[in-house]
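The values are calculated or read from the model by the stated rules, or taken from the named source; none is laboratory data. None of the values given here were measured: they were computed from a predicted structure. Ideal geometry is used to build each Cβ from the backbone, glycine not excepted, and the neighbour counts take in all protein chains shown. Side chains included, ligands, DNA and RNA excluded: accessible areas come from the protein's heavy atoms. Shrake-Rupley method; radii C 1.70, N 1.55, O 1.52, S 1.80 Å.
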Amino acid sequence: MLIEGTCTFGGGFLRRSCSGKAIGQCVYCGAPFCDQHGELGPEYHEVCARSACQTKYSDVHGHRNWIAAHSGPNTVSMCAEDDCTERMQHLCQRCNLRFCEEHLKAGNVIEQRYDPPRKVVMLMCAHCSARRKIWD
């Protein structure tokens with residue numbers, strides 16, 4: 001994809017931004033970045049070097065690994081929580097793993113996918129609930 005403009009990394013109060021030739025646009029914040037302030041990867045992976053965006057990128061990879069490591073018990077109808085011996089009962093509305101009643105909690109979440117964003121109640125496991133602070 002052709003990116004127009006210049007890198008906006010580093011700009012802030014009394015600081016100039018990089019202004020290098022943009023090679024990509026961050027999938028998290030939408031800012032253009034140069035080859036020194038971001039990375040291009042396979043499947044349109046474009047992430048700038050801002051700490052919030054790098055945190056989100058590493059969280060996605062960690063979350064995928066966590067799901068893979070915890071999906072085994074669900075194949076035999078057991079709760080996906082570590083060392084839980086209860087039967088699965090409900091679906092986490094974020095990771096789509098199934099848990100027993102004790103390991104899911106209902107919480108209010110502001111959903112950005114709606115226009116305008118709205119508050120909804122979701123059942124989430126502790127892992128997904130803890131991740132919300134990174135994404136909100």
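Has the stretch 123-134 got at least one residue that is more than 16 Å from the chain's Cα centre (by Cα) and farther than 30 Å from Thr8 by Cα?
yes
Could you check Gly5 against (1) in contact with a strand residue (DSSP E or B) (Cβ under 7 Å, 6 or more places away or on another chain); (2) in contact (Cβ under 8 Å) with a residue 40 or more places away in the chain and say which number it fails?
Condition not satisfied by Gly5: (2).
Of the residues Gly20, Gly24, Gly72, only one is over 18 Å from Ile134 (Cα atoms), open to solvent by less than 30 Å² (accessible area, probe 1.4 Å) and either at pLDDT 90 or above or acidic (Asp, Glu) (or both); which?
After ruling out the rest, the residue left standing is Gly24.
Counting only residues that are assigned to a strand (DSSP E or B) and in contact with a helix residue (DSSP H, G or I) (Cβ under 8 Å, 6 or more places away or on another chain), which one in the stretch 80-98 is surrounded by the most Cβ atoms within 10 Å (Cβ to Cβ)?
In this case the residue turns out to be Arg98.
Collect the residues in the stretch 30-48 that are part of a loop (DSSP other than H, G, I, E, B) and open to solvent by less than 70 Å² (accessible area, probe 1.4 Å), keeping them in residue-number order.
Gly30, Ala31, Cys34, His37
Just to be sure, is Cys48 in contact with a helix residue (DSSP H, G or I) (Cβ under 6 Å, 6 or more places away or on another chain) and at pLDDT below 95?
No; evaluated as a whole, the condition is false for this residue.
Looking only at residues that are outside any loop (DSSP other than H, G, I, E, B) and modelled with pLDDT under 90 in the stretch 99-121, which one is surrounded by the most Cβ atoms within 10 Å (Cβ to Cβ)?
Val109
Here is a check on your reading of the model: is Arg131 closer than 18 Å to Tyr28 by Cβ, touching a residue at least 60 places away in the same chain (Cβ under 8 Å) and either buried (at least 17 other Cβ atoms within 10 Å of the Cβ) or of a type in the set (Lys, Arg) (or both)?
So Arg131 fits the description; yes.
State yes or no: is Thr55 under 30 Å from Cys18 (Cβ atoms), among the hydroxyl-bearing types (Ser, Thr, Tyr) and not in a loop (DSSP other than H, G, I, E, B)?
Taking the combined requirement at face value, the residue satisfies it.
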